Amino acid sequence: MADLNIKIGSLNLKNPVMTASGTFGYGEEFADFMDISQIGGIIVKGTTLNPREGNPYPRMAETPSGMLNAVGLQNKGVHYFVNSIYPGLKDINTNIIVNVSGSCIDDYVQTAEIINELEHIPAIELNISCPNVKQGGMAFGVTAKGAAEVVKQVRAAYKKTLIVKLSPNVTDVTEIARAVEEQGADSVSLINTLLGMAIDAETRRPLLSTITGGLSGPAVKPIALRMVWQVYNSVKIPVVGLGGIMNWKDAVEFMLAGATAIQIGTANFIDPITTQRVSEGINDYLDRKGYKSVSEIIGALEV
Ligand SMILES: Cc1cc2nc3c(=O)[nH]c(=O)nc-3n(C[C@H](O)[C@H](O)[C@H](O)COP(=O)(O)O)c2cc1C
């Protein structure tokens, strides 16, 4: 059995496999199907300062090798999380990481400050793909300046491990990664969903109420892999890779491209125990290849 332990900032993971935000609820919903303490980390769904109803239905659509979603960060807000969800999560023996989302910088900062006080939450993942309502609705994470500003202010307010989740809807993802590293991010995770669209020719209507939405699943994997590799070669902080990972082989490919850890998103909708299978598969691969530790394969791509 190889050593699967991984470190990101001051976060210790028992294995490099986490669940992606928005695809695994708060984790506890799956406790009847599997031993959730075997997951390296559970990234809970996008949490905002105030409750959000999300977008009107339909907000999910199936596409070839992927899916589109426009859930719109439906959640009951950070105070509800603290009072009603956190008490049920704090004794689970894995890392519970909160995905912090916001519509202006103050929202992000206040949410991060509140989460900072929770003893059993060792890290946040900052979702900078949200639209900035105070600046015309353009996402924070699509310019280096916008990304740097939100990370700078959250960094000042949040003392534990700060993972910044990057948007792929940009021209040069390495520029954004460097900008958030400069502002003190402990790690970057990528990719969030790619902006896409689906149309029903018969009805001439879009399949999503919002017309456009976020594409995820196997369709995005080659793009995610390319971006992880580019970012790995551009920053010194650990990179967390995700986007279309369906099995252990996909996960190993992301680690070879430079990911220190990986996340499983859309695959959870097909089989919620994918994370467990992926960490077992990574372990078998390491044993078969004679590696003693999973850290030996990070960035070990032969070019
Ligand atoms: C239904 C759904 C909800 C999501 N909600 C969030 C969210 O709240 N915050 C976030 O940062 N990413 C969210 N994502 C993006 C995923 O965490 C992930 O970045 C993306 O789906 C790519 O990974 P995958 O191909 O493995 O699903 C969501 C994705 C889906 C499919």
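The values are calculated or read from the model by the stated rules, or taken from the named source; none is laboratory data. Please read all numbers here as calculations on a predicted model, not as lab measurements. Note that each Cβ is placed from the backbone with ideal geometry, even for glycine, and that neighbours are counted across all protein chains shown. Areas reflect the complete protein model, heavy atoms only, side chains present, ligands, DNA and RNA absent. Shrake-Rupley method; radii C 1.70, N 1.55, O 1.52, S 1.80 Å.
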Cα to Cα, under 19 Å, and not fewer than 8 places away if on the same chain: which aspartates and glutamates meet these conditions relative to Lys236?
Glu125, Asp172, Glu175, Glu181, Glu182, Asp186, Glu296
If each DSSP helix of 4+ residues adds -39,500 (n - 2.57) and the sum is divided by the residues in the chain, what number results at 222 nm, nearest 500 deg cm²/dmol?
-8000 deg cm²/dmol
Exposure of Asp172 as accessible area (Å², to 10), given a probe of 1.4 Å and all protein chains
60 Å²
Antiparallel as a % of all DSSP beta bridges within segment 135-262, to the nearest 5?
40 percent
Proximal charge balance of Ile36 [Cβ under 11 Å; K/R count +1, D/E count -1]:
-4
Rounded to the nearest whole Å², what accessible area per residue is found for segment 166-296 with the 1.4 Å probe?
44 Å²
DSSP-defined beta bridges in the chain - what % are antiparallel, rounded to 5
40 percent
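Could you state the orientation-averaged shadow area of the convex hull built on the Cα atoms of segment 1-159, in nm² to one decimal?
11.3 nm²
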Rg(Cα) of segment 94-235 divided by 2.2 N^0.38 Å?
1.11
Taking Rh as the Kirkwood radius computed over C-alpha pairs, what is the Stokes-Einstein D of segment 149-215 at 25 °C in a medium of viscosity 0.890 mPa s, expressed in µm² per second?
175 µm²/s
Normalised contact order of the chain, rounded percent, pairs of Cα under 8 Å and 6 or more residues apart:
20 percent
With a 1.4 Å probe and all protein chains kept in place, how do Arg155, Arg205, Arg59 rank by accessible area, largest first?
Arg205, Arg155, Arg59
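Once you keep just the Cα pairs under 8 angstrom separated by 6 or more residues, what percentage relative contact order results for segment 60-194?
19 percent
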What does the convex hull of the alpha-carbon atoms of segment 26-82 project to on average, in nm²?
5.6 nm²
So for the pair Lys289, Leu195, with labels modelled 7 Å out along Cα→Cβ, what separation do we get in nm?
3.6 nm
Share (percent) of C-alpha pair distances in segment 1-62 greater than 16 Å works out to 61 percent
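Counting Lys and Arg as +1 and Asp and Glu as -1, what is the net charge of the other residues whose Cβ lies under 13 Å from the Cβ of Tyr108?
Computed value for this residue: -1.
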Evaluated over the chain, the Cα radius of gyration and Dmax, each in Å:
18.1, 56
Distance between the C-alpha centers of segment 210-247 and segment 33-80? Whole Å please.
18 Å
In this structure, among Lys45/Lys292; Lys76/Lys160; Lys7/Lys90, pairs with alpha-carbon gaps over 26 Å are Lys45/Lys292
